[in-house]
1. Report Asp172's accessible area, 1.4 Å probe, all protein chains in place, as a number in Å² to the nearest 10.
2. Can you tell me the Rg and Dmax of the range 1-100, counting just the alpha carbons, in angstroms?
3. In whole Å and largest first, what semi-axes does the C-alpha gyration tensor of the chain yield when each eigenvalue is scaled by 5 and square-rooted?
4. Ser150: accessible area at probe 1.4 Å, nearest 10 Å²?
5. Of all the C-alpha pairs in the range 48-144, what % are more than 20 Å from each other?
6. Counting only the heavy atoms of the protein chains, how much of Glu76 is accessible to a 1.4 Å probe, in Å² to the nearest 10?
7. Write down the Å³ per residue value for the convex hull defined by the alpha carbon atoms of the range 60-103.
8. From a point 7 Å beyond the Cα of Glu87 in the direction of its Cβ, which residues of the range 98-118 have a backbone N at a distance under 18 Å?
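The values are calculated or read from the model by the stated rules, or taken from the named source; none is laboratory data. Not measured: the values here are computed from a predicted model. All Cβ positions, even for glycine, are placed from backbone atoms using ideal geometry, and neighbour counts span all protein chains on display. Only protein heavy atoms, including side chains, enter the accessible area calculation; ligands, DNA and RNA are left aside. Shrake-Rupley method; radii C 1.70, N 1.55, O 1.52, S 1.80 Å.
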Amino acid sequence: MSPTQVIVIVLVVLVIVAALAVAVRSLGRRRALRNRFGPEYDRVVAEQDSRSAAERELRDRERRHAELTLTPLTPESRARYAAAWEELQVRFIDSPGETVGDADELVTRLIEEQGYPTGDFSDQIAHLSVEHARTLTNYRDAHEIHLRNSRGEASTEELRQAVVHYRALFTDLLGEEPVGRRTPEQRHPDTPHDATSR
């Protein structure tokens, strides 16, 4: 074998090894994004022109999220939010439409207190997706029902479902169930059932 052939073979092997290294790195980054963003990964891929554009968007979300100054809730604040949620659930029985609006406001206040921006809904979703991607579908659905309710287009069952969806993100943000494990009678003797926990 001539020295030229040996050099060509070595160069081909190096190119193949480099291509494999790039492919393995790309697959590792894709797997990390998929694990971090869960169903949000698939949603963004479906919305973008290509998988690489979607992955750039998700990496950009991570970068913008890293620039936030997030503040953990104090135990007092956590207790205050849990009590507000419990009260909200009780009020659902008498005024479901108003309660959905109150749930949207309560979740927004909780998001804001932790340091997330709350101006534009899609921007809010993008920031939340980095740490709370698994409950974003619930939040989107709840927010959509809230908007339909403001136009008078949501049924009582949809309103109940919206509160259940809001509760999923609320619980995720709070880090615990907002309503303790006491029975409904122990919490409110005059209320026979927790109207929204199903």
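1. 60 Å²
2. Final numbers for Rg and Dmax: 25.7, 89 Å.
3. Equivalent ellipsoid semi-axes, largest first: 48, 17, 15 Å.
4. Rounded to the nearest 10, that gives 90 Å².
5. 47 percent
6. The accessible area of Glu76 comes to roughly 130 Å².
7. Spelled out: Cα convex hull of the range 60-103, divided by residues, is 93 Å³.
8. Residues 98-111, 113 qualify, since their backbone N sits under 18 Å from the label point.
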